[in-house]
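A short write-up of the structure that comes next.
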Amino acid sequence: MKRSLALTVLLFLCVLLASAAYAHKKKHTHKAEAKTHVFSYPDCNTDTISPYNLLYFAQSLIGIPYRDASSDPSYGFDCSGFVSYVFKSFNAIVPRSSADFANAGREISIEDARPGDVILFKGTKSHHPHSIGHMGIVYSNEGNELRFIHSTSGKEYCVTISSMDDTYKRRFVKVVRLLKQNDNFQAPIFQAQAN
């Protein structure tokens, strides 16, 4: 009787351990598959978002410190954390990483960039040197001067507005349009303020 009870308990423990090991393996397999999936965001739910309102909100975040891997305004933002936080505050469905923004919206020429469009850059030498590693939101594009708002790990180390200088021109990848209102751009909808 004792032997039978001991075997039953042992069998029960083996089944329990095997079940736990299977669940653990399945969880890690799912995570690995998620990392290799290429996200596509053809419709980001931006039909009703005004570029003016989006930039007014983004501008209210100027000065929040840069924090790697963060999209929390009480702690700080990395570049994609800032952009995704701004868009998600208007219920837009957008990626979290800068690389995934390459598959969001529709690519447009830099000359046609409008306030509220998303601008993508290669990373710096120490971080993503050959792929998209930085991003921001176009703030103004008047004359030959494009300016964008972003969270930078550069000397400002916070959310700021920068001009498209030679360094950014060398790192430029593309501009993507998420805001459908920018397709019908007729006149300046957002007047950039001087820093």
### Summary
Of the residues in the range 53-102, those that are closer than 16 Å to G133 by Cα, touching a helix residue (DSSP H, G or I) at 6+ places or on another chain (Cβ under 6 Å) and not charged (D, E, K, R) come to S70, S71, P95, S97, S98
### Query
Do you know which residues across the range 61-93 are farther than 13 Å from I137 by Cα, in contact with a Ser or Thr (Cβ under 8 Å, 6 or more places away or on another chain), of a type in the set (A, V, I, L, M, F, W, C) and part of a loop (DSSP other than H, G, I, E, B)?
I64, F90, A92
### Message
Could you tell me how many of the residues in the range 53-91 are loosely packed, with under 13 Cβ neighbours inside 10 Å and either over 15 Å from the mean Cα position of the chain (by Cα) or in contact (Cβ under 8 Å) with a residue 60 or more places away in the chain (or both)?
### Response
6
### Query
If you go through the range 107-129 one residue at a time, do you hit one that is of a type in the set (F, W, Y) and at pLDDT 90 or above?
yes
### Task
Tell me, please, whether a residue that is of a type in the set (D, E, K, R) and touching a strand residue (DSSP E or B) at 6+ places or on another chain (Cβ under 9 Å) can be found in the range 74-87.
yes
### Query
Name the residues in the range 130-158 that are modelled with pLDDT under 95, among the polar types (S, T, N, Q) and in a strand (DSSP E or B), would you?
S131
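The values are calculated or read from the model by the stated rules, or taken from the named source; none is laboratory data. Keep in mind it's a predicted model, so treat the numbers as computed, not measured. Don't worry about glycine lacking a Cβ; one is built from the backbone with ideal geometry, like all the others, and counts go over all protein chains shown.
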